[in-house]
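Laboratory data are not the source of any read-out in this text; all were calculated from the coordinates shown. Note that the coordinates shown come from a computational prediction; the quantities given were computed from them, not determined experimentally. Here Cβ is always computed from backbone atoms with ideal geometry, including for glycine, and neighbour counts include all displayed protein chains.
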Amino acid sequence: MRVLIAPESITRSAPQAAKALAEGWTSVRPGDTVDRLPLSTGGRGFLATVGALDGDMRIVDLTVPGSGGSSVTAYYLSDGTTAYLEAAHTCSADADPATASSTGLGHLMGHAVESGHTRLVIGLGGTLTQDLGMGMLGALGWSLRDADGRVLHPSPQYFTQAASLSYPSREKTVGLTAPDGRPVAVTAVTDTSRPLSELRGDPRLEAPQVYVASLVQALLGQHNLQGRSGTASGGGLGFALAALGADLVPAVAYIGESFGLDQHVREADLVVTGTDAQSDSLASHLLDLADKFDKEALVMAPQTGAERLAESTAVYRLPQGSLDLRALASRAAREWESSRAGVTARRE
């Protein structure tokens, strides 16, 4: 039997969850063929999802500034033409939101562009920065300046000192261009549909964020930019990427449509997924596909949450105080096996 084990994060990252669930399932049913497919809505594990769905990728490692100021080792995936980036690699340090910066993401993007990539796909979930992507833009040549023309550090604590904003004069447009002059297409995979105007961040930063957003909009002549769906994603990274002309695509739509999840479900006899998300998720999309192709499905979940998924399929929940996904999957396999045996006996 072929089992598709495709969870989002459940008390741990999606790749770790997928590994634990697969180990638990095969400990009971070692003869099953298990396809392990971690799912991510653009945050931690996004590149693991991309790599699992398309194994012919090259890893490009870089040392870049982290959101807290210290250097971090990050990477992106490349197929030669498209570079896949995960904002959480550089924007998730536990730092004061007033000083935290997305500069490292800009360095990753710049390296990918200078290396000849003509398309960037960036997962925006799991970030802790709230600089509206100004650090990222700064690394790409944009600059905030005070009334005396001095360049300001692109973090929220300096936003209200800014008198002007500019982008590189060598560029004819605000978008990215490859070294040979070709335009670089950018897709931002968003973890929320909220616009920047509904960003729920540190209340101390609300006024500086509104101020710098108005500078960006005035520069571009786009006075409705912060009202676009998804611009609140990544603490406002979606807003900055929209300023660069990026397409903002919900993670459910991007992963579901770009990497053929329907084919994975079609080829499975049983779908095992899971999530600790409280809203729409890839897990719910996977269950819709299972229903579409008439596949049985099971859901692994924390003690609370995933109520919407519980309405349509069997849900196995972690016991109180337990984080043991391996044991949970083993129990699910035993109970599923027992239920199949009961069905066979009744048929005989």
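So here's what we get for this one:
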{"item": "Trypsin sites (Lys or Arg not before Pro) lying in DSSP loop within region 87-162, provided at most 15 other Cβ fall within 10 Å", "result": "ARG150"}
{"item": "Tensor-based shape of region 90-200 (alpha-carbon gyration tensor, a/c under 1.5 rounded, otherwise prolate or oblate)", "result": "oblate"}
{"item": "GNM flexibility winner over the chain from GLY256, GLY181, GLY126 (Cα, springs under 10 Å)", "result": "GLY181"}
{"item": "For the chain, size of Cβ-based charge dipole, Lys and Arg +1, Asp and Glu -1, in debye", "result": "100 debye"}
{"item": "Alpha carbon centroid spacing (whole Å) that separates region 24-52 from region 236-294", "result": "14 Å"}
{"item": "Taking all pairs of distinct alpha-carbon atoms in region 55-252, Kirkwood radius in angstrom", "result": "16.4 Å"}
{"item": "Semi-axis lengths (Å, descending) of the ellipsoid that matches the C-alpha gyration tensor of region 114-173", "result": "23, 18, 7"}
{"item": "MRE, 222 nm, helices only [DSSP H, n ≥ 4, -39500 (n - 2.57), over the chain, to nearest 500]", "result": "-10500 deg cm²/dmol"}
{"item": "Region 35-88 shape via C-alpha gyration tensor axes, a/c threshold 1.5", "result": "oblate"}
{"item": "Nearest-20 debye value, region 53-163 charge dipole, Cβ charges on Lys, Arg, Asp, Glu", "result": "220 debye"}
{"item": "Cα-based shape type of region 172-266, given that a ≥ b ≥ c are square roots of the gyration tensor eigenvalues and the cut on a/c is 1.5", "result": "oblate"}
{"item": "Charge dipole magnitude, Cβ of K and R +1, D and E -1 - region 55-252, Cα centre, debye nearest 20", "result": "400 debye"}
{"item": "Hydrodynamic radius by Kirkwood, which averages 1/r over all alpha carbon pairs of the chain, in angstrom", "result": "21.3 Å"}
{"item": "Principal-axis tilt of helix 14-28 within the chain, Cα atoms, nearest 10 degrees", "result": "10 degrees"}
{"item": "The chain: angle of helix 206-220 to the longest principal axis, Cα-based, in degrees nearest 10", "result": "70 degrees"}
